[in-house]
Amino acid sequence: MLLCETTAILILMRQSHLFTKTQKEAPTDEQAKNAQLLIRAGYIHKEMAGVYQLLPLGLMVVQKIKQIVREEMAAINTNEMIATNLQPKTVWEKTGRWDDEVVDVWFKSELKAGGEVGIAWSHEEPLANMMINHISSYKDLPVAIYQFQNKLRNEVRAKSGMMRGREFIMKDAYSFAATEAQHDTFYEASKVAYTKCFERMGVGDDTFITFAAGGAFTEFSHEFQTVCEAGEDITYINKEKGIAINEEVLESVDLAELGVTKDDLVATKTAEVGNIFNFGRQKAEEVGLYFNDENGERTAVWMGSYGIGITRMMGVIVEKFADDKGIVWPAAVAPYQLHLVGLNGDDSEIKDWTDGVYAALKARGVSVLYDDREARPGEKFADSDLLGMPYRVVMSKKGKEAGTFEVVTRATGEVRNLTEEELFADFSS
Ligand code: ATP
Ligand code: MG
């Protein structure tokens, strides 16, 4: 499917108009904490195991995560595009990866007009193939492209909620270089860009560049592994030295060369949030992607591929920061910065006042979700905790008389009483 979207995040901000409502219970068949909370809070809808719809609030979180990644991709001169989900069999046959014995997550289908198609689990082969039309000379290199795309994978186990979907959003980038040195420059730049992404999303301190299984060309690839109890990987980490090794390759890594012994590494549960891969010239040779080098010699392009699990990231963030009351979003990915909770009941005087403050905050560009519903305070607070915006501003009759607003920091529970002036100064952009 071709996804059509805008990068602008503009959505109604009155909770009375939000179509999703919070739920007391998640579906009984949902085992993952991240999905349970996201479903209860109305961010996602479970369509079936491993398949979730993104509802308005969930979409906003995904847009925030994407925008961070988008900015860091632009910083390393990578071009955004969007490829198709339907893929021809022929391009995957070139590399032997059409075979279900080789790739065990394929969804495939047949055209009524005849012939088989694959449904995108990755875009490495199709985009390498596409570049045959766009690369002919060393002057066309280096070049890098990326997209945010729905990937479909026929995963055997889908029990980790948003962290392992059968349909999920990935950011995937592909680099094309003339020489190994050119490739290395981009590969190292992508490490820096990824590091910035994860820092901005609030998981920088807990995310490690990790030695992981390579492929036919390289012994190792690099994964970005985030410490997370619900993660499916085990990573051996030495935090001080910044060394991390996926359990899968622990035996193959030369620990002495890294200046550590196995005892210096702590086995830690982690989630793979990103993976970068060096293909050498092999992939291009198989697909038939060649260019003429400076001496006019026909040479295969040096390729790399670079993934980030966008929706997995959303699940990991929920898992890491949630408390017993609900979700706790880091500011950078929260749908709204501020949850304005009016304790108006049916008092129209308070309602007019809260409406006025909401309008004033909006006019100042503050990102605010306004709970304007006629509901009990207890219900509003519980919903607000579950939804997890970084700050809650409570507006009550008592506060109106005192001329103050109660501001609660969701992550710490810290309570401050601010005047209107202080409130606007704190939150205006
Ligand atoms: P895993 O080992 O977890 O199955 P992978 O190594 O097969 O993942 P890649 O092909 O490297 O995944 O995909 C790039 C990124 O996409 C991964 O680093 C991960 O963050 C994300 N990802 C992969 N599979 C899924 C999935 N089923 N659901 C959500 N995100 C995924
Ligand atoms: Mg991987």
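Please say if segment 367-429 is rounded, prolate or oblate, where rounded means a/c under 1.5 for a ≥ b ≥ c the square roots of the C-alpha gyration tensor eigenvalues, and otherwise the choice is prolate for a/b larger than b/c and oblate otherwise?
On the way: a/c = 1.62, a/b = 1.19, b/c = 1.36.
Judged from the Cα gyration tensor, segment 367-429 comes out oblate (a/c at least 1.5, b/c at or above a/b).
Once R0 is set to 22 Å, what does the formula 1/(1 + (r/R0)^6) return for the Cβ-Cβ distance between S109 and N133, expressed as a FRET efficiency to the nearest 0.05? Approximately 0.30, to the nearest 0.05.
Give me the 1.4 Å probe accessible area per residue for segment 304-424, excluding ligands and nucleic acids, in Å².
Values: 4730 Å² over 121 residues.
Accessible area per residue, segment 304-424: 39 Å².
Beyond 40 Å, how much of the Cα-Cα pair distribution for the chain remains, as a whole percent? Don't skip to the end; give the middle numbers.
Numbers: 24462 of 91806 pairs.
Pairs farther apart than 40 Å: 27 percent.
Straight-distance candidates among the lysines for linking to K320, with alpha-carbon spacing under 22 Å and chain neighbours fewer than 8 residues away dropped: K24, K33, K46, K64, K66, K159, K171, K196, K239, K269. Relative to the Cα centre, the charge distribution of segment 104-225, modelled as +1 at Lys and Arg Cβ and -1 at Asp and Glu Cβ, gives a dipole magnitude of about 500 debye.
Ranking Q67, A402, G288 by Cα position along the charge dipole of the chain, where only Lys, Arg, Asp and Glu carry charges on their C-beta atoms, puts A402 farthest toward the positive end. Summed over the residues of segment 90-155 and divided among them, the accessible surface reaches 49 Å² per residue at a probe radius of 1.4 Å.
For segment 102-205, the convex hull spanned by the alpha carbon atoms encloses 159 Å³ per residue. Stretching the chain fully between K351 and T179 yields a gain of 55.3 nm (0.36 nm per residue, less the alpha carbon separation).
Projecting the Cα atoms of T78, T95, Q149 onto the charge dipole of the chain (Cβ charges, centred on the Cα centre) puts Q149 farthest toward the positive pole. Backbone geometry of segment 316-327 corresponds, through the Karplus equation with coefficients 6.51, -1.76 and 1.60 at θ = phi - 60°, to 3J(HN,Hα) couplings of 5, 4, 4, 4, 6, 9, 4, 10, 5, 9, x, 6 Hz, x marking Gly and Pro.
Per residue, the accessible area of segment 221-261 comes to 49 Å² when a 1.4 Å probe rolls over the protein heavy atoms. Ordering A271, A334, G365 by the projection of their Cα atoms onto the charge dipole of segment 240-366, which places +1 on the Cβ of Lys and Arg and -1 on the Cβ of Asp and Glu, puts G365 at the extreme positive end.
Taking a ≥ b ≥ c as the square roots of the eigenvalues of the Cα gyration tensor of segment 318-368, is the shape rounded (a/c under 1.5), prolate (a/b larger than b/c) or oblate? Mind dumping the intermediate values first?
Values: a/c = 6.40, a/b = 1.71, b/c = 3.74.
Oblate, because a/c is 1.5 or more while a/b does not exceed b/c.
Rounded, prolate or oblate for segment 207-361? Axes are the square roots of the Cα gyration tensor eigenvalues, ordered a ≥ b ≥ c, and the cut-off for rounded is a/c under 1.5. Because a/c hits 1.5 or more and a/b fails to exceed b/c, segment 207-361 counts as oblate.
Can you give the charge dipole size of the chain about its Cα centre, rounded to the nearest 20 debye, using +1 on the beta carbon of Lys and Arg and -1 on the beta carbon of Asp and Glu?
Roughly 1220 debye for the chain.
Tally up the carbon and sulfur contribution to the accessible surface of the chain as a whole percent, 1.4 Å probe, everything protein left in place.
Values: 9790 of 19810 Å².
C and S fraction of accessible area: 49 percent.
Highest mobility in the GNM of the chain, judged by mean-square fluctuation with C-alpha springs under 10 Å and restricted to G288, G114, G326, is found for G114.
Normalising the average separation of contacting C-alpha pairs (under 8 angstrom, six or more residues apart) by the number of residues puts the relative contact order of segment 3-160 at 23 percent. Taken along the Cα-to-beta-carbon direction at a fixed 7 Å, the label points for D426 and E188 span 4.5 nm.
When the solvent-accessible surface of protein heavy atoms is calculated with a 1.4 angstrom probe, in what order do V249, V227 fall, highest first? Please list the in-between numbers first.
Details: V249 10, V227 40 Å².
So, going from the largest accessible area down, we get V227, V249.
Post the alpha-carbon centroid distance, segment 265-341 to segment 160-186, in whole angstrom. Centre-to-centre distance over Cα atoms comes out at 6 Å. Where in segment 74-183 are there chymotrypsin sites (Phe, Trp or Tyr not before Pro) that are in a DSSP coil and have at most 15 other Cβ atoms within 10 angstrom of their Cβ? Qualifying residues, ordered by number: none.
Loop-located trypsin sites (Lys or Arg not before Pro) in segment 196-250 (DSSP state other than H, G, I, E, B) with a sparse environment of at most 12 neighbouring Cβ atoms within 10 Å: K241. A simple charge model with +1 on the Cβ of Lys and Arg, -1 on the Cβ of Asp and Glu and nothing else charged puts the dipole of segment 191-232 at about 260 debye relative to its Cα centre.
How high is the relative contact order of the chain, given as a whole-number percent (alpha carbon pairs under 8 Å, six or more residues apart)? Numbers along the way, then the final one.
Numbers: 845 pairs, mean separation 66.7, N = 429.
Normalised by residue count, the contact order of the chain is 16 percent.
For segment 292-329, applying the loop criterion from DSSP together with a ceiling of 13 other beta carbons within 10 Å to the GluC sites (Glu not before Pro) yields E294, E297.
The values are calculated or read from the model by the stated rules, or taken from the named source; none is laboratory data. From a predicted model like this one, the values you see are computed outputs, not experimental measurements. Glycine gets a Cβ as well: all are built from the backbone with ideal geometry, and neighbour counts include every protein chain shown. These area figures cover heavy atoms from the full protein model, side chains too; ligands, DNA and RNA do not enter into them. Shrake-Rupley method; radii C 1.70, N 1.55, O 1.52, S 1.80 Å.
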